[in-house]
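One structure below.
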Number of protein chains: 2
Amino acid sequence: MKRIAIVVASLIAITVNAQEKPHIMLVMHGGAGTITRGSMTAEMETQYRDTLAQALKTGQAVLMKGGSSIDAVEASIRILEDSPLFNAGKGAVFTHEGKNELDSAIMDGKTKKAGAVAGVTIIRNPITAARAVMEKSPPVMMTGRGAELFATKMGLEIVDPSYFWTERRWKGLQQELLKEQQRQANPHASIKSDDETRHGTVGAVALDAAGNLAAGTSTGGTTNKQYGRIGDSPIIGAGTYADNESVAVSCTGTGEFFIRWTVAHDIAALYLYKGMTVEQAGNEVIHKKLEPVGGDGGAIILDRKGNFAMPFNSEGMYRGWIGPDGVPHVEIYK
Amino acid sequence: MKRIAIVVASLIAITVNAQEKPHIMLVMHGGAGTITRGSMTAEMETQYRDTLAQALKTGQAVLMKGGSSIDAVEASIRILEDSPLFNAGKGAVFTHEGKNELDSAIMDGKTKKAGAVAGVTIIRNPITAARAVMEKSPPVMMTGRGAELFATKMGLEIVDPSYFWTERRWKGLQQELLKEQQRQANPHASIKSDDETRHGTVGAVALDAAGNLAAGTSTGGTTNKQYGRIGDSPIIGAGTYADNESVAVSCTGTGEFFIRWTVAHDIAALYLYKGMTVEQAGNEVIHKKLEPVGGDGGAIILDRKGNFAMPFNSEGMYRGWIGPDGVPHVEIYK
């Protein structure tokens, strides 16, 4: 009888512990846009799915070993940055001047520490540079050659700008430049840019075993971008935000709308101040606020209980999630 | 009897009209920091008070003529940018490399359109460049030489970088560089930077006769800043935010905290989602959230009813306001 009581007590303790212990969780996106089944070959789709799954498994392994959510965000985003498929790192699109200028941000939900780099051209993994800024410098945000000098001093991997040259993105720029000429020649004609090749972003939000949230985002910006444009990705509160009190968020889409609507922080504020769920807060901003004004894109949102949402108002969004069971779930279309 | 009735009816109409018609209002700040009566000469204080009053009257005149809140914000900030007293425009502090790199942002509460420039060195009035970005370019945020190229194309006033050289700020950099050397020689000694000369920002929030809000901020950053650091001023949601649905906000202080806490948008979110007043929302963020973590600075906040607050947790903040009566109110200390 005593033994049974002890066993029952132990079972109750385990159950309570299991309930109290946070789930680990990793949610990622690889950009939103005009991504339809018709526009994708089977081979391309497989490549995207495989690379996203690899990134998810890499981040999940970090979390399962007791690594921090920051570690998981960085490790998983590096996989997408090193792939030529996504508009971040290796696969970055070209600016008007034919350069690759990369932006990235990372934020730790436990400390609210954050780091961001913008307009960098020689740092192989901008997410790692953002993390170095977060951990090793008073500034939160660095740009251009200053950020590159800092990354070099920190011993990060520096590459020749030609590392970021890929034929697909170069052709994307040539197409955009041609369309620009056509627009100038025919101001009244409706010549649309190709959404999918034009922008894109990668991002991750993670919850670690200690119950801490983190978020990270990395991008090559928009094809044919000019004038040292900075989008929402490296802007804390716009494209990237994490706070243990509310949620971790990473966004993708037409950055200007995400800046003006302070999307990542607005989602967190609706969760914290209005008591919305991650789904409700995401839908409120992505569908009710951004969709009517033409702000296309999406977000991934994760709270400390492991609840997550992946709302988007575009045709598709590369996205996926992975939990303690290690099975990656990848989705592309609506 | 008929005449009296008409007079009474007219008086009622005037009263109703006065209640319905939005008050015009302009609130400004000129930076927060260790500003105490002991550290200020009577002559300096008079100069600061006079220049702030002039800026307030300039912006108020715009509003009284039926000008927009954006017009008033730009016009009033240009006065402070053209003065050597404030850390913005002419009076900008020096970077580690001995340069003046300026940041600015502006936002229209009616349309939520926004514009920002960061790290610019040859634009006389960064607030006017931010407005040009808002009105004439798809990007919301531009940096460095790209932003300068855009401003040049837009026909804005371009100056030689030496325009921003002032003896006071140059001495400020030399003092900071000396302290940096002393810190390196004595890592355990507490060698504090001079807060007042080290940073500072100017900002304005306005409500026009049509009931539209606007906010703008302009800064020279921090003395001895490195690595292309960007502070909160040009970041929509951090140092600058305006939305007719909630409030207009401009911040000043240690920018990194204002970025990490998304201060301007958080104040707006507390007003909109929690139903706080401008005072309550300002105190919640500036005193309850930032003060405990050492995030020193302040904010000016204005809603569509003309209610405003000017909370700060530093020793002082140059600040002032002006309403329809045209009397400028300027304050500096606690």
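One residue is enough: does segment A:177-194 have a residue meeting the conditions at pLDDT below 95 and under 23 Å from the mean Cα position of the chain (by Cα)?
Looking only at segment A:177-194, we keep the residues that are at pLDDT below 95, and these are A:177-194.
Applying the additional criterion that residues be under 23 Å from the mean Cα position of the chain (by Cα) yields A:193-194.
Yes: segment A:177-194 contains one or more residues that are at pLDDT below 95 and under 23 Å from the mean Cα position of the chain (by Cα).
For residues that are open to solvent by less than 40 Å² (accessible area, probe 1.4 Å) and under 17 Å from B:A204 (Cα atoms), tally how many sit in segment B:295-315.
Residues that pass the stated criteria total 12.
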Per the list (1) within 14 Å of chain B (Cβ to nearest Cβ); (2) aliphatic (A, V, I, L, M); (3) over 13 Å from the mean Cα position of the chain (by Cα), residue check on A:M44 breaks on (1)
Cβ-Cβ under 7 Å pairs, at least 6 apart or on other chains, segment A:226-250 side within 7 Å of another protein chain (Cβ to nearest Cβ) and of a type in the set (G, A, S), far side part of a loop (DSSP other than H, G, I, E, B) and crowded, with 24+ Cβ neighbours inside 10 Å: A:G237/A:T262; A:G237/B:G237; A:G237/B:A238; A:G237/B:T262; A:A238/A:D232; A:A238/A:T262; A:A238/B:G237
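Looking at this structure, is A:G282 surrounded by fewer than 24 Cβ atoms within 10 Å (Cβ to Cβ), of a type outside the set (S, T, N, Q), more than 14 Å from chain B (Cβ to nearest Cβ) and touching a residue at least 24 places away in the same chain (Cβ under 8 Å)? It would help to see each step written out before you state the result.
Working: surrounded by fewer than 24 Cβ atoms within 10 Å (Cβ to Cβ): no; of a type outside the set (S, T, N, Q): yes; more than 14 Å from chain B (Cβ to nearest Cβ): yes; touching a residue at least 24 places away in the same chain (Cβ under 8 Å): yes.
No.
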A careful count of residues in segment A:252-278 that are of a type in the set (F, W, Y), without any contact (Cβ under 8 Å) to a residue 24 or more places away in the chain and within 19 Å of A:S314 (Cβ to Cβ) gives 0
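The values are calculated or read from the model by the stated rules, or taken from the named source; none is laboratory data. All values derive from a computational prediction rather than experimental measurement. Every residue, glycine as well, gets a Cβ built from its backbone with ideal geometry; the counts of neighbours run over all protein chains shown. The area values use the complete protein model at the heavy-atom level, side chains included, leaving out ligands, DNA and RNA. Shrake-Rupley method; radii C 1.70, N 1.55, O 1.52, S 1.80 Å.
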